[in-house]
1. Ranked highest first by average number of other Cβ atoms within 10 Å, how do 121-131, 200-210, 245-255, 90-100 line up?
2. Roughly how far apart, in whole Å, are the Cα centres of the range 235-280 and the range 63-121?
3. How high is the relative contact order of the range 214-333? Use alpha-carbon pairs under 8 Å, at least six apart in sequence, and give a whole percent.
4. Between residue 116 and residue 182, what length in nm is gained on full extension when 0.36 nm per residue of separation is reduced by their alpha carbon distance?
5. Could you order the peptides 308-315, 296-303 from most to least packed, using the average number of other C-beta atoms within 10 Å per residue?
6. Taking only Cα atoms, what is the 0 to 90° angle, nearest 10, from helix 171-181's long axis to the longest principal axis of the chain?
7. Rounded to the nearest 0.05, what FRET efficiency is calculated for residue 315 and residue 87 with R0 set to 56 Å and r the Cβ-Cβ distance?
8. Give the angle, between 0 and 90 degrees and rounded to the nearest 10, that separates the Cα long axis of helix 276-285 from the longest principal axis of the Cα atoms of the chain.
Amino acid sequence: MERRTIGATALGVGAVGLGCMPMNWAYSRSQQRGDRSLRAVHAALDAGVSLLDTADMYGPFTNELLLGRVLKERRSDVFVSTKCGLLVGDGHVVANGRPEYVRRACDASLRRLQTDVLDLYLLHRADPEVPVEETWGAMAGLVAAGKVRALGLSAVGVRRPRRSRTGDLYEGTIRQLARVQQVFPVAAVQAELSLWAPEALARLLPWCAARGVGLLAAMPLGSGFLTGTLTPGGGFEPDDPRARHPRFTSEMMAANQPLVAGLRRVAERHGDGVTPAQVALAWVLAQGRHVVPVPGTKRARWAVENAGAAGLRLTAGDLAELAALPGARESWD
Ligand SMILES: NC(=O)c1ccc[n+]([C@@H]2O[C@H](COP(=O)([O-])OP(=O)(O)OC[C@H]3O[C@@H](n4cnc5c(N)ncnc54)[C@H](OP(=O)(O)O)[C@@H]3O)[C@@H](O)[C@H]2O)c1
């Protein structure tokens, strides 16, 4: 698989990563089985994937425990990216960016992951009660202590209604990045990026490119929508948050079908069993050499299919066609 580097760290990874969140956190609990997820991780690694994206919050903790079983056997095949700073409380999620907490969280992640160093440590969300420089300073201390190789900031889930006056969803994130850069270099940012959520292209991606910062594209398959395997009406399990998410109402899914149809058209033109999911990922890969999509799945078949997107080269004509696709994106703002 083509290799890409994570920011200025010179740490190489396969161009397509694996998002491990669906194995223990999203989407429906009833679909989650450890044995199947383990097979998916091994299949992805065998297909050339190296970046595994997890978080202490996924489960909570069980996703790191699952990956620990893989790292124990195959540490040299894996670039492990995990996150701290969000805790699952009584039915809600709270931020904790206090330095002493961050240090404890890192030690706990190292134990669960059965490793002595994290390749990338992301701040899941900044804590509004703690200056981000303080949290980041503690994380920089973990690099100095040899427990972490590189630091990143996660900006997924930035609430759309908080769009700034200039209309840029990531304006606040960019301000935060500028602040933490003063303390210790940012190697990577994790943000949502897909054909139906392309907001990061406006300013965040250029900000990263100009500074040699990698962009880990979260939800690159539009939480499954862009694969063409979800149909309007959903059929989601009752505990799947998509059953209640505004992006997945029957009306919104129907309105966005032209995106799926466009992906399918491009896939068919490439032949050789190319799928809409692979075209969606190839579109993300085409946004810059510093972009690494982390598609999430708990199935070996899809992990291998997604890894195959690294070998798919979209033409300028494909990219223009995809860029021109009508979508109903704006109506969920
Ligand atoms: N930092 C953050 O706050 C944050 C937030 C969201 C996501 N992330 C990261 O980004 C990763 C990706 O996001 P995501 O998992 O939410 O969304 P995604 O990658 O856009 O889509 C995942 C969904 O697509 C399905 N899928 C995957 N490959 C498929 C294929 N080839 N064909 C058909 N369906 C396929 C999966 O099904 P199955 O699960 O049934 O296999 C899952 O339901 C996460 O795993 C996580 O690591 C980070």
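The values are calculated or read from the model by the stated rules, or taken from the named source; none is laboratory data. None of these values were measured; they are calculated from a predicted model. Using ideal geometry, Cβ is built from the backbone for each residue, glycine included, and neighbour counts are taken over all protein chains shown. What goes into the accessible areas is simple: the full protein's heavy atoms, side chains included, and nothing from ligands, DNA or RNA. Shrake-Rupley method; radii C 1.70, N 1.55, O 1.52, S 1.80 Å.
1. Values: 121-131: 20.0, 200-210: 18.0, 245-255: 15.5, 90-100: 13.0.
The most tightly packed comes first, giving 121-131, 200-210, 245-255, 90-100.
2. That distance is 31 Å.
3. Working: 140 pairs, mean separation 40.2, N = 120.
Normalised by residue count, the contact order of the range 214-333 is 33 percent.
4. On the way: separation 66, 0.36 × 66 = 23.76 nm, distance 2.71 nm.
Contour length minus the Cα-Cα distance gives 21.0 nm.
5. Working: 308-315: 17.9, 296-303: 21.5.
Ranking the peptides 308-315, 296-303 by packing returns 296-303, 308-315.
6. It works out to around 40 degrees.
7. Computed FRET efficiency for residue 315 and residue 87: 0.75.
8. 50
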